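Here is the structure we will look at.
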Amino acid sequence: MNKKYYLSVILSMAFLLSACTESSMVEDVNRTRDLFSNRVDGEGSDKKPNNDSKKDNMQKGDSKVGESYSWLNSELTEQIKAPSGADLFEATIINSVDGDTLDVAITNDKEYRIRLILVNTPESKGKYKDKPQPYALEAYEFTKNLLVPGQKVWIEKGVEEFDKYDRLLAYVWLDNVVLNEEIETKDGDIVLVGEKLGMKSLNELLLREGLAQVAIYPPNTQYVDDFEAIQKQSKKNKKGMWNE
């Protein structure tokens, strides 16, 4: 029996045990401080975000000075599904390896290394260790700071489940994501405004921030149209690697 067979057994067990048992809010929004030149250290960031629409809170003369993401592990009472309709299974974060690679534990503490589907972040490992590609370290820090060891995430595996390195190919979904933006008002005050994004994948968030590019490897092409649209918007906004 091979590794893929064992994964199928583990997934079946995960679906039966998928209800989250405890909520944990990622409250320290500063941990995903922007690493780009147009963001700030975030003094005064102990303010709680206002979760109204940012458009309703922005006034003429106000300007954005920083942003970060937070998200909530909700207490789910039934099996949830991905936007594609695919079943999701629960996993626990062990650690982040780089921007698009992480280690997780699934049911019974079986460990898997996950490679994010449809995205590719700049390289900082191997031959790039001494000279990381531009935005490689920013991508790694973004993933590491967003995914705290011990947190629960939801995994949507690819049609092709493993790559040649035996990494599980997947989308990693986060519950109740909020985009927190620091706004400097025309009066000079700093306010924190939260925009509710809902359930989002780490794959997508990396694209939104310009820390990854769309990378297409059939048959794992779910969400390709959405991801290409997100990348187009990221380029338009000159986010991350597109701010050159």
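Bear in mind these aren't lab numbers, they're just calculated from the coordinates by the rules spelled out. Worth saying up front: this structure is predicted, and the values here are computed from it rather than measured. Don't worry about glycine lacking a Cβ; one is built from the backbone with ideal geometry, like all the others, and counts go over all protein chains shown.
Distance check, please: which entries in K131/K157; K110/K196; K125/K238; K196/K232; K127/K152 exceed 24 angstrom between their Cα atoms? Don't skip to the answer; put the middle values down first.
Numbers: K131/K157 32 Å; K110/K196 33 Å; K125/K238 26 Å; K196/K232 21 Å; K127/K152 32 Å.
Violating the 24 Å Cα-Cα cut-off are K131/K157; K110/K196; K125/K238; K127/K152.
Using per-residue counts of other Cβ atoms within 10 Å, averaged over each peptide, order 209-218, 122-131 from highest down. All intermediate terms of the calculation are to be shown ahead of the outcome.
Details: 209-218: 18.9, 122-131: 12.2.
Highest to lowest by the protection proxy: 209-218, 122-131.
Run the simple label-point estimate for T185 and Y165 please: 7 Å along Cα→C-beta, distance reported in nm.
The answer from the label model is 4.8 nm.
Peptides 153-161, 95-103: what's the order by average Cβ count within 10 Å, highest mean first?
Details: 153-161: 18.9, 95-103: 20.4.
Ranking, from highest mean packing down: 95-103, 153-161.
With unit charges on the beta carbons (Lys and Arg positive, Asp and Glu negative) and the dipole taken about the Cα centre of the stretch 161-244, which residue among L202, N180, A229 sits farthest to the positive side?
Positive-end residue among those listed: A229.
Provide the gained length on full extension for the span D225 to D130, in nm with one decimal, where the gain is 0.36 nm per separating residue minus the Cα-Cα distance. Don't jump to the answer; show the numbers that get you there.
Details: separation 95, 0.36 × 95 = 34.20 nm, distance 3.52 nm.
In short, 30.7 nm is gained.
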